[in-house]
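The next block holds one structure in the form of structure tokens; read it before the comments.
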Amino acid sequence: MSMNKFIIFFFIVSLTISSCSVFKPKPQPRTEFRGFWVATVVNIDWPKNGNDAIEKQKADYLKILDFYKNLNFNAAIVQIRTAGDAFYKSDYAPWSRFLNGEEGKFDPSKEHILDWMITETHKRGMEFHAWLNPYRATFDLKTERLSATHDFNTHPEWMLKYGKKYYYDPGLPEVQQRMVAIIDEIVTNYDIDAIHFDDYFYPYTIKDEVFKDSISYYNCAKPDQSLGDWRRSNIDSLIKKSHDIIKTRKPWVQLGVSPFGVWKNKSTDERGSDTKAGQTTYEDLYADPLLWMEEGWLDYLIPQVYWSMELSVASHRKIVDWWSNNSQNTNLYIGNGPYKIRNNSDTAWDKKKELPTQISYAREKSIVQGNAFFSAKSLMNNNADVLKHLKKKYYKTAALPPSSKFTSENSIKDVQLKTKDKSTIYISLKFNNLESERYAMIYPSGKTKKEIYPIKKLLAKVPIQNKEEVQIPLDKIGRRKYIAVTFIDFYGRESKPIIVLLNQID
């Protein structure tokens, strides 16, 4: 082979290799929901023990946050109501035993724990979604452990025993009013980013047991309304009323739901998914998220698709396809189950790439805007190889959480730089009009402003703690001459960039 031919051959081979998708890094979306559920019921994720001192509980919570911050996640979905209780001072529920060791026990050192958790979550650039279980009243039948102020004791007429738990009767108007009051209390008093419901509406069906709500059905149902339709209408009402009170109090706070992954099987409804689920959201839990989306009552939906890609009875692939084809008027994320990795009878979960493959598949769907992992501890102590793969290929850079589809694009307020000065540890930038801003985003820049700065170049995401000032740690910007500053408002929208010349700061 002549030298010229060799050079041409080498050039072609090099070009082919460099353009081959195998060698390209995985796409890193600029905007993507990356959530993790922190389950507090029976101390699944946090706190490790209700009797632990506040210092240990705080340290354990920060370990969870820092772990997911390192993985570039951006939303903590934290359970603050597990079974008629509260992880905050409430007029409607006793302190949780999972926080204080004994239900109803007041521990002064933990009085402001929820405020602290929200602040620490925001410090790390993450959203705080307050997760509530609305209708589970007890976790077991040991009712002697319940506080005297628990609704089981103060409103026994609201309670229905089913299986080994008690539930609120969703058909009672008084119960709905109580749930809306609880949501109002949380939204009004705490700086949360969302209210979040999981899949527990009416309880999962137990064979040969009856959910004994016949009296409320008789008293409250419309004429000729079937039991199933009446039950669904009760859950519809909760969702609508929750949405309305949230948007009345703080319109930027989102409402999200994570329903059971299968709406209906195709065997019972042609509109259903090609699955053989033993229970379904619509027929057993009496929840109809398709209606909620149609009516515009949700900001986001996270179906719990905790099965492997090709599981015959409930394929992750088929269910993601189904939700992608049946979602509207809301942000759609996918709920994944890393708790199953090497811990499930389905051997697909033994493979390192089962979860990463699910993330890839979600990203292929333009309508899917992110994922959430159940639960927080699943990746923290085991499966280091899976974690390494996720970090390297899928979550290498940060991402911004999506804003709600119902957010107006016309109300982003103008922010202007007023003054700048420098201390020994940070640069202080003072702006006008930061009342509506949640974070300042700091990017490296040149003299010329860009329309959009790449998220992979982000230097810092600084929470707005002073309504006039942003303090940027010097170690985040080094010796740069220019930086670009944008703002994320409470709705999750990013402003136009402002260029700041640094070498003229005294």
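Laboratory data are not the source of any read-out in this text; all were calculated from the coordinates shown. Just so we're clear, the structure is a prediction, and the values are computed from it rather than from any experiment. Note: ideal-geometry Cβ built from the backbone for every residue, glycine included; neighbour counts use all protein chains shown.
List of remarks:
- Distance violations [Cα-Cα > 22 Å] among Lys247/Lys405; Lys123/Lys418; Lys318/Lys351; Lys212/Lys241; Lys392/Lys481; Lys69/Lys365: Lys123/Lys418; Lys212/Lys241; Lys392/Lys481; Lys69/Lys365
- If R0 equals 41 Å, the separation of the Cβ atoms of Lys351 and Asn153 corresponds to a calculated FRET efficiency of about 0.25.
- Cα-centred dipole magnitude for the chain, charges only on beta-carbon of K, R (+1) and D, E (-1), debye, nearest 20: 2900 debye
- Only beta bridges with both residues in the stretch 33-393 are counted; by DSSP, about 15 percent of them are antiparallel.
- Residue exposure sequence - Ser327, Ser428 - by fewest surrounding Cβ within 10 Å: Ser428, Ser327
- Scalar couplings 3J(HN,Hα) for the stretch 89-101, obtained by applying the Karplus form with A = 6.51, B = -1.76, C = 1.60 to θ = phi - 60°, are 6, 10, 7, 10, 7, x, 4, 6, 5, 6, 9, 10, x Hz; x denotes Gly and Pro.
- Pairs of Cα atoms nearer than 8 Å and 6+ residues apart set the relative contact order; for the stretch 417-501 it is 34 percent.
- Dipole of the chain, positive direction: furthest Cα of Ser428, Val253, Thr188, with charges on the beta-carbon: Ser428
- Pairwise centroid distance, computed over Cα atoms, of the stretch 228-249 with the stretch 137-158, Å: 24 Å
- Relative contact order of the stretch 33-393, defined on C-alpha pairs under 8 angstrom at six or more residues apart (%): 15 percent
- Of Asp213, Asp350, the sequence from fewest to most neighbouring Cβ atoms within 10 angstrom is Asp350, Asp213.
- Spatially proximal lysines relative to Lys105 (Cα-Cα < 23 Å; intrachain offsets below 8 disregarded): Lys48, Lys56, Lys58, Lys89, Lys142, Lys165
- FRET efficiency for Leu227 and Gln416, using Cβ-Cβ distance with R0 set to 45 Å, rounded to 0.05: 0.15
- Toward the positive end of the charge dipole of the stretch 33-393, with +1 on the Cβ of Lys and Arg and -1 on the Cβ of Asp and Glu, the farthest Cα among Met309, Val175, Asn43 is that of Met309.
- Protection proxy ranking, peptides 69-81, 381-393, average beta carbon neighbours within 10 Å, highest first: 69-81, 381-393
- Remark: the Thr119-Gln177 segment gains 17.9 nm on full extension, using 0.36 nm per residue and subtracting the alpha carbon distance.
- Distance between the modelled labels on Gln465 and Gln504, one decimal in nanometres: 2.9 nm (7 Å Cα→Cβ projection).
- Cα shape, the stretch 191-241, gyration tensor, a/c 1.5 rule: oblate
- Those chymotrypsin sites (Phe, Trp or Tyr not before Pro) in the stretch 97-166 that DSSP places in a loop and that have at most 14 other beta carbons within 10 Å: Phe106
- Gyration tensor verdict on the stretch 337-379 (Cα atoms; rounded if a/c is under 1.5, prolate if a/b is larger than b/c, oblate otherwise): oblate
- Note on the chain: dipole from Cβ charges, positive end direction compared against Ile499, Ile206, Tyr218; the farthest Cα belongs to Ile499.
- Förster radius 56 Å - calculated FRET efficiency between Asn343 and Lys449 (Cβ-Cβ, nearest 0.05): 0.65
- Of the residues Tyr333, Tyr482, Tyr394, the one with the fewest other Cβ atoms within 10 Å heads the list, and the complete ranking is Tyr482, Tyr394, Tyr333.
- Chymotrypsin sites (Phe, Trp or Tyr not before Pro) lying in DSSP loop within the stretch 424-453, provided at most 15 other Cβ fall within 10 Å: none
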